[in-house]
Amino acid sequence: MANQLAVNDHNYSVDVDDDTPLLWVIRDIVGLTGTKFGCGAAQCGACTVHIDGVAHRSCVTPVSAVGDGKVTTIEHLASTPLGQALQKAWLDEEVVQCGYCQSGQLMQAAALLTVQPAPSDADIDQAMSGNICRCGTYGRIRTAINVASRARAGGA
């Protein structure tokens, strides 16, 4: 059955079963491979995307659950001021090691800063607690989110 899907401001008609995970539609049909498969059980956050600005684990989200929601992936994040601030902070703080989880980390961080522009360290730790980094870059991720937050407020 064809589902209509809005991804990164483009509309797609995808002919997949309603229970097909959004992750596979994004990667295999739409062709955007920045969103990663991690655990397949919504436990690691590597597959994080936004639906109407809210972070969702695309590996367990059936495509039919998206409805009229607007999906945003890591490919679109860089075109936003928030995404640019986060990417600059990520580079300046040398967050990335292996990099596999980073698209999900950035999407989760963007969702946090959208609703909480000046989070505390505890807020950051809470919001990011569902995103696993096998390289253990959590301290640098927290620092980068604080740097991006200050930059957006005009203080960096």
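The values are calculated or read from the model by the stated rules, or taken from the named source; none is laboratory data. Source: prediction; values computed, not measured. Cβ atoms come from the backbone with ideal geometry, glycine included; neighbour counts cover every protein chain shown. Protein only, heavy atoms only, side chains kept; ligands, DNA and RNA dropped before computing areas. Shrake-Rupley method; radii C 1.70, N 1.55, O 1.52, S 1.80 Å.
Averaged over its residues, segment 12-145 has an accessible area of 46 Å² per residue, based on protein heavy atoms and a 1.4 Å probe.
Given a 1.4 Å probe and every protein chain left where it sits, what share in percent of the accessible area of segment 28-98 is carbon and sulfur?
The value for segment 28-98 is 52 percent carbon and sulfur by accessible area.
Remark: accessible surface ordering of HIS56, HIS50 (largest first) is HIS56, HIS50, probe radius 1.4 Å. Each of THR20, THR48 has its accessible area taken with a 1.4 Å probe; listed largest first, they run THR20, THR48.
Its residue count N sets the reference 2.2 N^0.38 Å, and the alpha-carbon radius of gyration of segment 1-78 equals 0.96 times that reference.
If only the Cβ of Lys and Arg carry +1 and only the Cβ of Asp and Glu carry -1, the dipole of segment 21-156 around its Cα centre is close to 100 debye. At the residue level, GLU93 shows approximately 60 square angstrom of accessible surface with a 1.4 angstrom probe and all protein chains present. Farthest towards the positive end of the charge dipole of segment 1-136, among the residues VAL96, VAL14, THR72, is the Cα of VAL96, using unit charges on the Cβ of Lys, Arg, Asp and Glu. Computed from the Cα positions only, the extents of the chain along the three principal axes stand at 49, 30, 23 Å, in decreasing order.
For the chain, the mean residue ellipticity at 222 nm estimated from helices alone is -10000 deg cm²/dmol, where every DSSP H run of n ≥ 4 contributes -39500 (n - 2.57) and the total is divided by all residues, rounded to the nearest 500.
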